[in-house]
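Working notes for the structure below.
The values are calculated or read from the model by the stated rules, or taken from the named source; none is laboratory data. These numbers come from a predicted model, not from an experiment. Reconstructed Cβ throughout: ideal geometry from the backbone, glycine too, with neighbour counts over all protein chains shown.
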């Protein structure tokens, strides 16, 4: 099995590089273009995406099918705001369609209502959106949506300090097989610091992404590097492949210590 890539059924079998890029922590345009040259093709684009816009528009113009664009409306409580968010992203990126359009932080900055569902489905039926999804922290609710909803994608918190998706979400994926995108892989960098009384090794960012992607249920893990150098470190770590049993054991133990 190719650890670095996956053919995602929810995207019609598209081949996706398993480390997805968000650009809201400072990576510059040159670093983004270097990521594209290395094969990164999943991009999470928002109004906070820094210098991602220009290289992403260029990639779309050169070969639309070469990139997977995921985005969301700023606020998604009503159908109108969902529609306007999609239209704004389409215009900004100069594309006819979005690969994934998702409600953000479901229950906090967006709502799963008849109005928002209807608009998401209309965007899909019109061809402006190929797949609909949500980002969500409520794991039990995410499990229910994974089992029974029109969603093709779930963006969830999953890392060594917060592995609860293994209990609350992953067992519900089999029937519909929605795409799973993991974010907060470093637990907002808490997994990169030594917890009190810990004497063993400390996880690196690359370890965090390998932990996420070693789960057979995770299709893509999002990274938001501050520089091209950080991106290269993460890519180099992924080249090591999935975790072995010893690595898994110490990372789970370390994550438990970080969680406290």
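Restricted to region 150-239, the set of helices (runs of 4 or more DSSP H) holding at least 1 residues that are surrounded by fewer than 20 Cβ atoms within 10 Å (Cβ to Cβ), over 18 Å from the mean Cα position of the chain (by Cα) and at pLDDT 95 or above comprises 165-168, 228-238. The set of residues in region 240-252 that are in contact with a helix residue (DSSP H, G or I) (Cβ under 9 Å, 6 or more places away or on another chain) and in a helix (DSSP H, G or I) comprises 247, 248, 251, 252.
Checking each residue in region 125-138 for being in contact with a strand residue (DSSP E or B) (Cβ under 8 Å, 6 or more places away or on another chain) and either crowded, with 19+ Cβ neighbours inside 10 Å or under 23 Å from residue 97 (Cα atoms) (or both) picks out 128, 129, 130, 131, 132, 133, 134, 135, 136.
Please pick out the residue among 39, 20 that is modelled with pLDDT of 95 or more, under 29 Å from residue 233 (Cα atoms), out of contact with any helix residue (DSSP H, G or I) (no Cβ under 6 Å at 6 or more places or on another chain) and in a loop (DSSP other than H, G, I, E, B).
Result of the check over 39, 20: 39.
Quick check on my filter: what residues within region 59-88 are in a helix (DSSP H, G or I), touching a helix residue (DSSP H, G or I) at 6+ places or on another chain (Cβ under 9 Å) and surrounded by 14 or more Cβ atoms within 10 Å (Cβ to Cβ)? Answer for region 59-88, where residues must be in a helix (DSSP H, G or I), touching a helix residue (DSSP H, G or I) at 6+ places or on another chain (Cβ under 9 Å) and surrounded by 14 or more Cβ atoms within 10 Å (Cβ to Cβ): 59, 60, 79, 81, 82, 83, 86.
Taking the condition within 18 Å of residue 134 (Cβ to Cβ), touching a helix residue (DSSP H, G or I) at 6+ places or on another chain (Cβ under 6 Å) and surrounded by fewer than 20 Cβ atoms within 10 Å (Cβ to Cβ), does residue 107 pass? Explain how you work it out, then say what you get.
Numbers: within 18 Å of residue 134 (Cβ to Cβ): yes; touching a helix residue (DSSP H, G or I) at 6+ places or on another chain (Cβ under 6 Å): no; surrounded by fewer than 20 Cβ atoms within 10 Å (Cβ to Cβ): yes.
It is false that residue 107 is within 18 Å of residue 134 (Cβ to Cβ), touching a helix residue (DSSP H, G or I) at 6+ places or on another chain (Cβ under 6 Å) and surrounded by fewer than 20 Cβ atoms within 10 Å (Cβ to Cβ).
More than 17 Å from residue 177 (Cα to Cα), within 18 Å of the chain's Cα centre (by Cα), surrounded by fewer than 22 Cβ atoms within 10 Å (Cβ to Cβ) and modelled with pLDDT of 95 or more: does that describe residue 122? Considered against the rule, which asks whether it is more than 17 Å from residue 177 (Cα to Cα), within 18 Å of the chain's Cα centre (by Cα), surrounded by fewer than 22 Cβ atoms within 10 Å (Cβ to Cβ) and modelled with pLDDT of 95 or more, residue 122 comes out as no.
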